[in-house]
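In what follows, a structure is listed as structure tokens, so that the remarks can point back to it.
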Amino acid sequence: MPDPTLFAAVKDPAHRPDPYPLYARLRESPVALQDDGTYVVTTHAALRALVFDPRLSSEDLPDATHPPTGNPFKDWIVNPIKDRIRSRHRPLIFRDPPDHDVLRRHVMREFTAVRVNAMHARVDALVADLLDRKREARQIDLVDDFSYPLPVTVICEMLGVPPEDEARFHGWATQLATALEPDAREDKENRDKNIATFDEIAAYMQDLIKEKRRHPVDDILSGLATGHDPQAGRMGDYDLIATAILLLIAGHETTVNLITNGMLTLLRFPEHLERLRADPEMAPRLIEELLRYEPPVHFRTRKALASIRMDDTTIPEGAPVVLLFASGNRDPARFREPDRFDPDREDIQHFGFGGSLHFCVGAPLARLEAEAALVALARRLKNPRLIDNPPPYRPGASLRGPQHLRLAIEGIA
Amino acid sequence: MAEALRAVVVGASLAGLRGAEALRREGHRGPITLVGDEPHRPYDRPPLSKRVLSGEARPEAIDLPGQAGLDLTWRLGAAAVGLDLPARAVALATGERLPFDRLLIATGTRARPWPNPAEAALSGVFTLRNRDDAAALRAALAAKPARVLIIGAGFIGCEAAAACRSIGLSVTLVDPTPTPLASVLGTRIGRVVAEMLRREGVDYRPETRVEALEGDAAGRVRAARLAGGGRLDAPVVVVALGALRNTEWLAGSGVAADAGGVACDGLCRVLDRAGRPVDGVAAAGDVARFPHPLFPDGPVAFEHWGHAVEQAQHAARTLVGPPEDHGAYAAMPAFWSSQFDLNIKSVGLTNGADAVAVTQGSLAERRFVAVYGRAGRTVAAVSFDSARWLPAYAARIAAGDAFPPILGATDQGRVAPMDPGFPQRPARG
């Protein structure tokens, strides 16, 4: 049995720059029991089996509870009602079938390939514009100057959030993304902040949805707010708000990591940066390998609804389970030389977008944005070098990515 | 010397092609000759009852992708008519004799014809197994017949009905059993399919037997006469009564082969009439009948796409390597079907099941996983629009878990075992 404190070490920010040696030790057991009772799923085969197991539930978030405000009316009536609504109408990432399937159906009706592909030219233009602004710079912070603003603008435009409101989402998104981090999720102070943030963003969304109903245009929110699915019917308001918030956050926090991790990796293996510059056609393969090698989301949590036997381990009913996707991506039983970044790999069946029914809805958009971004960075940044290696990381162990990525450059072409 | 060994693969469809490729991969260096009775290169059969009939795919555009550079020799349009074991040669209808050191038998099945040959020969009466069958039927459907009568509500009959409806044709589907797919899924789950057929506008008539087909003076089919009276006008008739295994060419060869298939052992080695493996001769795919470790009732033969691929690879390993090295073939049987917008998928074998329970979703929503039990063990799982969950069930079936195997699924209602309602014997039109 591997050391039962390894996953605690994974969550420790000290290991954020390189958690992979910890994953290798965790993989000694396909399902590694930790001393807090969590079962960490580590190998590609075990992940593959469990991601398709209907006994693992995504409804593992603690119930929402507003902190006492001192106002008796709010504390006894208003907030408990809000809590109940919130717990019952979580976004689909925290829902199981059949509810999940209905919500996802609504989303997929709007998040279409046609709509994603229509963003192509717009993404290229945004990329070009962000780089043009820094033409003369000798140093940039890739996160603040590029990786963050790009996906934020894209998802806001696709959803139909007015550009002047984009800035407000920055803080909201960063705060709410902590719901995916096991420690932050249990932390009382953080939970209170999440509740307050949720109230704010929900109020904003409610108004925006009303506006979309009055004046529907060709964007995802208008589609969700006015659409009617022959099978799933019409989306309820609370589910609609939760879904809109989810799409915004998912669009904010993950693609940022994909682009930043991508550039970080390319600067660590400059021969591939050179190749990408010379041959943009290799971008799709390179991005798939990135999703394996440095995925934007390292793990997701689940709860076992029944006892599940896996090889030598039995996950008991009710146990928390961590699907450590980033470890499966580095499993030597599945990939030859898994710790080598190799875009020429024949076989890249990664868990970079998760798997099964919760497979990333935005995967095609993420691929499109990452391709546009990395190709442009490779072609236009003149002599880019890492200033900090490793760079400082954001706190999240699941949504793992650099807080800043300072690059020394000799201008932008 | 290994270099000089000659391999012959009889049957140039999925199992034959994948078997030939696997022979190369496993290190067979000598010539490999593929023998096929049809004139076509290997093609994919599943589209024949779906997109080819609806006109979405042309019959000549469904070739199976093959591996390049394998140096295969083709004998297409040349049926094998005999096997001479002492001389180690296959005789072809063309008179040619192909000597072999290694032989893979993959002759598959053919459509079971309408029992009355004169009626079967009427123009407008079709079976559906080959590319040419599908092309001919497609041409007849494209002429917008007033009605298509389909005899047999198995998978091919149901899929053909769906394809006809998708291009706006009137379809009557008759079958002697109480529900569609009754012999495979049982009548309990079959009822769900019956409801769907009716909702999609198919004139579905269970427990109905066609007694005879009537032709006009020009030899065109005109109508079907039903048992117990009744008559249906039918300018186009599709006979979908299942398949017959192509083993006649092995008669008198000393190989144990009959209507049930070619007898093999777990390593896919073909057995002689005394039950001994014949050196250097293996079989795979629809035609092979073999003992499967999961199914204790005796040898089985599967007419499944994935099985043809996997068993052919297993047989090739047996032919090339020391056969004992890779153990008995034990892949989990699995198949799928698409009808209308519904995806049906199955793992395991429902044969002999005495109970069925819905473990996920609901029959009413037509989106569910139904699990089959036999003497307290889980033997099969069938999904309707829920295929993503089947791997979990396949693992439980392979482990021989108690029935029902999965409790506590996220979308599980009350799990209540029911009688699956298998017909006493598989009745045929």
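The residues of segment B:407-421 that are in a loop (DSSP other than H, G, I, E, B) and more than 14 Å from chain A (Cβ to nearest Cβ), listed by number, are B:R414, B:A416, B:P417, B:D419, B:P420, B:G421.
Per-residue answers, yes or no, for (1) modelled with pLDDT under 95; (2) over 30 Å from A:T260 (Cβ atoms); (3) touching an Asp or Glu at 6+ places or on another chain (Cβ under 6 Å):
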| site | (1), (2), (3) |
| --- | --- |
| A:A14 | no, no, no |
| A:L33 | no, yes, no |
| A:T38 | no, no, no |
| A:N79 | yes, yes, no |
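In segment A:75-92 there is at least one residue that is among the hydroxyl-bearing types (S, T, Y), farther than 22 Å from B:A394 by Cβ and without any contact (Cβ under 8 Å) to a residue 60 or more places away in the chain. Do we find that A:D129 is out of contact with any helix residue (DSSP H, G or I) (no Cβ under 8 Å at 6 or more places or on another chain), among the acidic types (D, E) and without any contact (Cβ under 8 Å) to a residue 12 or more places away in the chain in this structure? Yes: the conditions hold for A:D129. Does at least one position in segment B:394-417 carry a residue that is basic (K, R) and either more than 27 Å from the chain's Cα centre (by Cα) or at pLDDT 95 or above (or both)? Checking segment B:394-417: at least one residue is basic (K, R) and either more than 27 Å from the chain's Cα centre (by Cα) or at pLDDT 95 or above (or both). Note on segment A:174-246: enclosed helices (runs of 4 or more DSSP H) holding 2 or more residues that are in contact with an Asp or Glu (Cβ under 9 Å, 6 or more places away or on another chain) and open to solvent by less than 50 Å² (accessible area, probe 1.4 Å) are A:188-214, A:220-226. Candidates A:R367, A:R334, A:R340: the one that is over 25 Å from A:D96 (Cα atoms), open to solvent by 10 Å² or more (accessible area, probe 1.4 Å) and not in a loop (DSSP other than H, G, I, E, B) is A:R367.
In this structure, does A:P390 turn out to be closer than 26 Å to B:A387 by Cα and open to solvent by 20 Å² or more (accessible area, probe 1.4 Å)? Considered against the rule, which asks whether it is closer than 26 Å to B:A387 by Cα and open to solvent by 20 Å² or more (accessible area, probe 1.4 Å), A:P390 comes out as no. Checking each residue in segment A:304-315 for being assigned to a strand (DSSP E or B) and within 10 Å of chain B (Cβ to nearest Cβ) picks out A:A304, A:I308, A:R309, A:M310. Determine if segment A:55-62 includes at least one residue that is away from chain B (no Cβ under 14 Å) and either touching a residue at least 24 places away in the same chain (Cβ under 8 Å) or open to solvent by 10 Å² or more (accessible area, probe 1.4 Å) (or both). The answer is yes, given that some residue of segment A:55-62 is away from chain B (no Cβ under 14 Å) and either touching a residue at least 24 places away in the same chain (Cβ under 8 Å) or open to solvent by 10 Å² or more (accessible area, probe 1.4 Å) (or both).
The single condition from (1) within 11 Å of another protein chain (Cβ to nearest Cβ); (2) open to solvent by less than 50 Å² (accessible area, probe 1.4 Å) that B:P404 fails is (1).
Among the residues of segment B:90-148, those that are closer than 15 Å to B:V237 by Cβ and of a type in the set (V, I, T) comprise B:V125, B:T127, B:V148. For segment B:38-84, the set of residues classified as part of a loop (DSSP other than H, G, I, E, B), free of Cβ contacts under 8 Å to residues at least 12 places away in the same chain and of a type outside the set (D, E) consists of B:A57, B:R58, B:P65, B:A68, B:G69, listed by residue number. Has segment B:309-321 got at least one residue that is open to solvent by 20 Å² or more (accessible area, probe 1.4 Å), within 24 Å of B:H28 (Cα to Cα) and assigned to a loop (DSSP other than H, G, I, E, B)? Yes, some residue in segment B:309-321 is open to solvent by 20 Å² or more (accessible area, probe 1.4 Å), within 24 Å of B:H28 (Cα to Cα) and assigned to a loop (DSSP other than H, G, I, E, B).
Of the residues making up segment B:280-298, those that are at pLDDT below 95 and open to solvent by 10 Å² or more (accessible area, probe 1.4 Å) are B:P293, B:L294, B:F295, B:P296, B:D297, B:G298. Considering segment A:313-331, the residues that are surrounded by fewer than 18 Cβ atoms within 10 Å (Cβ to Cβ) and touching a residue at least 40 places away in the same chain (Cβ under 8 Å) include one that is nearest to A:P182 (Cα to Cα), namely A:P320. Does A:E274 meet the test of being of a type in the set (D, E, K, R), open to solvent by 10 Å² or more (accessible area, probe 1.4 Å) and at pLDDT 95 or above? Yes; evaluated as a whole, the condition is true for this residue. Taken over segment A:375-387, the residue count meeting the criterion of being in a loop (DSSP other than H, G, I, E, B) and either touching a strand residue (DSSP E or B) at 6+ places or on another chain (Cβ under 6 Å) or of a type in the set (A, V, I, L, M, F, W, C) (or both) is 2. Kindly check whether there is at least one residue in segment A:1-9 that is surrounded by fewer than 17 Cβ atoms within 10 Å (Cβ to Cβ), among the β-branched types (V, I, T), away from every other protein chain (no Cβ under 14 Å) and touching a Phe, Trp or Tyr at 6+ places or on another chain (Cβ under 6 Å). There is no residue in segment A:1-9 that is surrounded by fewer than 17 Cβ atoms within 10 Å (Cβ to Cβ), among the β-branched types (V, I, T), away from every other protein chain (no Cβ under 14 Å) and touching a Phe, Trp or Tyr at 6+ places or on another chain (Cβ under 6 Å).
From the list A:P98, A:P21, the lone residue that is without any contact (Cβ under 8 Å) to a residue 12 or more places away in the chain, within 14 Å of chain B (Cβ to nearest Cβ) and open to solvent by 40 Å² or more (accessible area, probe 1.4 Å) is A:P98.
Residues in segment B:243-279 that are in a loop (DSSP other than H, G, I, E, B) and under 30 Å from B:I151 (Cα atoms) were compared, and the one that is most open to solvent (accessible area, probe 1.4 Å) is B:A259. No other residue among B:A218, B:A251 is over 17 Å from B:T109 (Cα atoms) and in contact with a strand residue (DSSP E or B) (Cβ under 9 Å, 6 or more places away or on another chain) apart from B:A218.
Rundown of residues vs (1) crowded, with 17+ Cβ neighbours inside 10 Å; (2) within 19 Å of the chain's Cα centre (by Cα); (3) polar (S, T, N, Q), yes/no style:
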{"site": "B:L17", "(1), (2), (3)": "yes, yes, no"}
{"site": "B:E38", "(1), (2), (3)": "no, yes, no"}
{"site": "B:G69", "(1), (2), (3)": "no, no, no"}
{"site": "B:L83", "(1), (2), (3)": "yes, no, no"}
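The values are calculated or read from the model by the stated rules, or taken from the named source; none is laboratory data. What you see is a predicted model; the values in this text were computed from it and never measured. Don't worry about glycine lacking a Cβ; one is built from the backbone with ideal geometry, like all the others, and counts go over all protein chains shown. Side chains are part of the model used for accessible areas, which takes the heavy atoms of the whole protein and leaves out ligands, DNA and RNA. Shrake-Rupley method; radii C 1.70, N 1.55, O 1.52, S 1.80 Å.
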